[in-house]
Amino acid sequence: MVRSGFSTFRDSNEVPDNLFEFVFALNVLEHIADDRAVLRQLGAKLRQTGRLLVYVPAFRLLWTGLDEKIKHHRRYRRKDLERLTRSAGLSVQKSRYVDSRGFLAALSFKIVSSKKADLSARAIALYDRYIVPPTRALDLLFGGFFGKNVYVLASKD
């Protein structure tokens, strides 16, 4: 189906294999029970030279009621995400933790938040505006060790 000049699909099974040069999954896998099957499926949609970038929340330690509220199944550690990616038949080119400053903010939120775990739109906007930009420099130092999120860049074998 074509809408507004873009091909759209109701189901990823409708997407032809070997179609995309690049696929970016931003905060998707943590919501899906069978994340390995989805990684395999995304890999099949890549051209032979295609790459896949997966970005997900990191560290079970940071799990709060907010994760449950937004229906996360899991958070990932870097090595586990790499292993999962390889088990889906993809080659890991790079992986790294990001938002190292946010790791501390999320840990603080976990400690002081109620079981309700609500974040206001204002709090999120302030975080995005004042916490995220300066953390990029810190990620150069700490991204190999910890962060609020983790990513993997992969390609077809």
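The values are calculated or read from the model by the stated rules, or taken from the named source; none is laboratory data. Being a predicted model, the structure only gives us computed values, none of them experimental. Backbone-built Cβ (ideal geometry, glycine too); neighbour counts: all protein chains shown.
Table for the structure above
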read-out	value
Per-region count, the range 1-57, residues aliphatic (A, V, I, L, M), over 11 Å from the mean Cα position of the chain (by Cα) and closer than 20 Å to residue 97 by Cβ	2
Residue 119 farther than 30 Å from residue 18 by Cα and either buried (at least 16 other Cβ atoms within 10 Å of the Cβ) or touching a Cys at 6+ places or on another chain (Cβ under 8 Å) (or both)	no
Subset of the range 104-157 (residues that are in a helix (DSSP H, G or I) and touching a residue at least 40 places away in the same chain (Cβ under 8 Å))	105, 106, 107, 109, 110, 139, 141, 142
Residues of the range 1-47 satisfying the condition of being among the β-branched types (Val, Ile, Thr) and touching a helix residue (DSSP H, G or I) at 6+ places or on another chain (Cβ under 7 Å)	15, 23, 32, 38
Count of residues meeting criterion [charged (D, E, K, R), assigned to a loop (DSSP other than H, G, I, E, B) and over 12 Å from the mean Cα position of the chain (by Cα)] in the range 58-91	1
Test: residue 6 is modelled with pLDDT of 95 or more, more than 20 Å from residue 148 (Cα to Cα) and out of contact with any Leu (no Cβ under 7 Å at 6 or more places or on another chain)	no
Pairs, first closer than 13 Å to residue 147 by Cα in the range 57-68, second assigned to a loop (DSSP other than H, G, I, E, B) and not small (Gly, Ala, Ser), C-beta under 6 Å, six or more apart	57/75; 58/75; 59/75; 60/75
